[in-house]
Structures are given as structure tokens and as C-alpha cells.
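Q: First the structure, which I've put down as C-alpha cells, then a few questions once you've had a look.
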Amino acid sequence: MAEARVALITGTSRGIGRGLAEYFLAEGMTVIGCGRRAPDPPLGEGYTHHCLDVADEAAVKGLFRALRQQHGRLDVLINNAGVAGMNHLLLTPIPQVERMLATNVTGTFLFCREAAKLMQRAGRGRIVNLTTVATPLRLAGEAIYASSKAAVESLTRILAHELGPFGITVNAIGPTPIPTALTAGVPEEKLQELTKRQAIRRTATLDDVANVVKFFISPASDFITGQVIYLGGIS
């Protein structure tokens, strides 16, 4: 019997990250997750959780030391952890800016770097970063959030070139809003306005996201890298 693939998913305490952890556990993968707090209720057998801040370099390195000791390899990294915020430029405080950039950009960078070190040894690996449709739509009120995810998209495309020689692919997916804690504070009229700008006018589901992630991490997708796919028909 083939050994289960090992996946690391950030931001698994709730929302999309928790949903992806459940999805890939059901697919038979071994899943390591992390977040500022543990999932409640706990995830099932085959799941290991680390409580940390994804922008804390020492904590991230500690997670990877534990991963190497326990599993010796990493097949898949899904950078899902993210912080959003809706504020006009004139009403955006610096602490909010720093938190979004630390989590969305620094956190993604750290996990990509440490994962690549481990994947390089095996000569293969899959990295999927989460971005947002707020970036191509240039949504007013989300300047820092959209900008932070634009940085993630640029990082994705550059790392695809840097890591391609090691057999590591790097891609990104940009969901439209999904009913999670991240979107709970967004006014309903704002969500409806966004949906009208999509080719397919409905909110996204976890299955929509998991479907694209599953495609990106498939062993057969070794020629797919540097791509950003937005859900819902956003371009």
C-alpha cells in the first residue's frame, strides 16, 4: 500500500483552512495544521495541530523541525492563513496594515521557504497559495488586503521559476467570498455587488476551492506552475 501523502495547511482553526483539512483527511492524506488556536471541535485521526503565529519565524522553524522528525518529508503545502479588513485609506490604522502584511505576506513567504527546503530533498512538491478576487477587481475599501494578496500572487509566480528546477510547483487560487468568519463582517449589499461582477453569480463553496486545490496538488499536475485561478469567472 502506498504511503499517505503529507500535507501542511496553515490557518486550520476555522473557515476554509479547517474545511480543506477535513477534505484532505477524508482523501486519506496525513494533515499537519496550524493556527493561533486549536480547531474546536478537534479534527480527526491523521491530523496534528501546532498553535503559532505564521509570521513568527522561530515558531515556523520549530513546526518544520517537528514535521521532519515525525514524517521526514512534505508533499503538499497550502498557505491558507490570512487576515482581511475593510477600511477606506483614510480610516486604515497602521496596526491593521502591519497585521495583514505580516500574516498574508510574511507568513506565506516563511512557509514557502521552509517547505521548499524539505521538498527539495525529495525532488518534488506542491505549493498552493490562497489569494482573493479583491485583487483583480481592485475593490474599494480593501486596499491593504488586496495589495497583500497581490504580493502573494507575485511571490507565487516568481517561486514557480525558482523552485521549478527542484520539481516543486507553485500555484494560487483566488476564491470569491465564502461564508466564513473572514467574511462575516462584510455588508450583505457589498457581497451582492461583488457577485454581480462574476460570470457565475453565486457565492463560492468549500468544494469549489478544494476542487482547484486538488487539481494543483495532483501528481499528474507536474507541468502546471505559476498559475493563479480566480473562481466565479473573474478576470
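Q: Quick one: would you say residue 118 is modelled with pLDDT of 95 or more and within 17 Å of residue 144 (Cβ to Cβ)?
A: Values: modelled with pLDDT of 95 or more: yes; within 17 Å of residue 144 (Cβ to Cβ): no.
Judged against the criteria, residue 118 is not a match.
Q: Shifting gears a bit: Please tell me if residue 157 is of a type in the set (Lys, Arg), touching a helix residue (DSSP H, G or I) at 6+ places or on another chain (Cβ under 6 Å) and modelled with pLDDT of 95 or more. Reasoning before the result, please.
A: Working: of a type in the set (Lys, Arg): yes; touching a helix residue (DSSP H, G or I) at 6+ places or on another chain (Cβ under 6 Å): no; modelled with pLDDT of 95 or more: yes.
No.
Q: Restricting the search to the range 106-149, which residues are within 28 Å of residue 191 (Cβ to Cβ), of a type outside the set (A, V, I, L, M) and surrounded by fewer than 19 Cβ atoms within 10 Å (Cβ to Cβ)?
A: Of everything in the range 106-149, those that are within 28 Å of residue 191 (Cβ to Cβ), of a type outside the set (A, V, I, L, M) and surrounded by fewer than 19 Cβ atoms within 10 Å (Cβ to Cβ) turn out to be 136, 138, 141, 147.
Q: Of the residues that make up the range 41-55, is at least one under 22 Å from residue 159 (Cα atoms) and either touching a Phe, Trp or Tyr at 6+ places or on another chain (Cβ under 9 Å) or of a type outside the set (S, T, N, Q) (or both)? Before the answer, list the steps.
A: In the first step, residues of the range 41-55 are kept if they are under 22 Å from residue 159 (Cα atoms); the result is 54-55.
Still in the running and either touching a Phe, Trp or Tyr at 6+ places or on another chain (Cβ under 9 Å) or of a type outside the set (S, T, N, Q) (or both): 54-55.
Yes, that holds for at least one residue.
Q: Look through the range 207-221, keep the residues that are small (Gly, Ala, Ser) and surrounded by fewer than 13 Cβ atoms within 10 Å (Cβ to Cβ), and return whichever of them is farthest from residue 128 (Cα to Cα). Show your work before the answer.
A: The initial filter retains those residues of the range 207-221 that are small (Gly, Ala, Ser), namely 210, 218, 220-221.
Narrowing further to those that are surrounded by fewer than 13 Cβ atoms within 10 Å (Cβ to Cβ): 218, 220.
Details: 218: 11, 220: 15 Å.
Checked the range 207-221; the qualifying residue farthest from residue 128 (Cα to Cα) is 220.
Q: Looking at the range 152-173, which of its residues are hydrophobic (A, V, I, L, M, F, W, C) and surrounded by 18 or more Cβ atoms within 10 Å (Cβ to Cβ)? It would help to see each step written out before you state the result.
A: Initial filter on the range 152-173 (hydrophobic (A, V, I, L, M, F, W, C)): 152, 155, 158-160, 163, 166, 168, 170, 172-173.
Result: 152, 155, 159, 160, 163, 168, 170, 172, 173.
Q: Restrict the check to the range 24-42 and report whether at least one residue is modelled with pLDDT under 95 and in contact with a helix residue (DSSP H, G or I) (Cβ under 8 Å, 6 or more places away or on another chain).
A: Yes: one or more hits.
Q: Please go through the range 174-206 and give me each residue that is under 22 Å from the mean Cα position of the chain (by Cα) and either exposed (fewer than 11 other Cβ atoms within 10 Å of the Cβ) or at pLDDT below 80 (or both), ordered by number.
A: Residues satisfying the conditions are 179, 180, 181, 182, 183, 184, 185, 186, 191, 202.
The values are calculated or read from the model by the stated rules, or taken from the named source; none is laboratory data. Everything numeric here is computed off the predicted structure, so don't read it as measured data. Note that we place each Cβ from the backbone using ideal geometry, even for glycine, and neighbour counts take in every protein chain shown.
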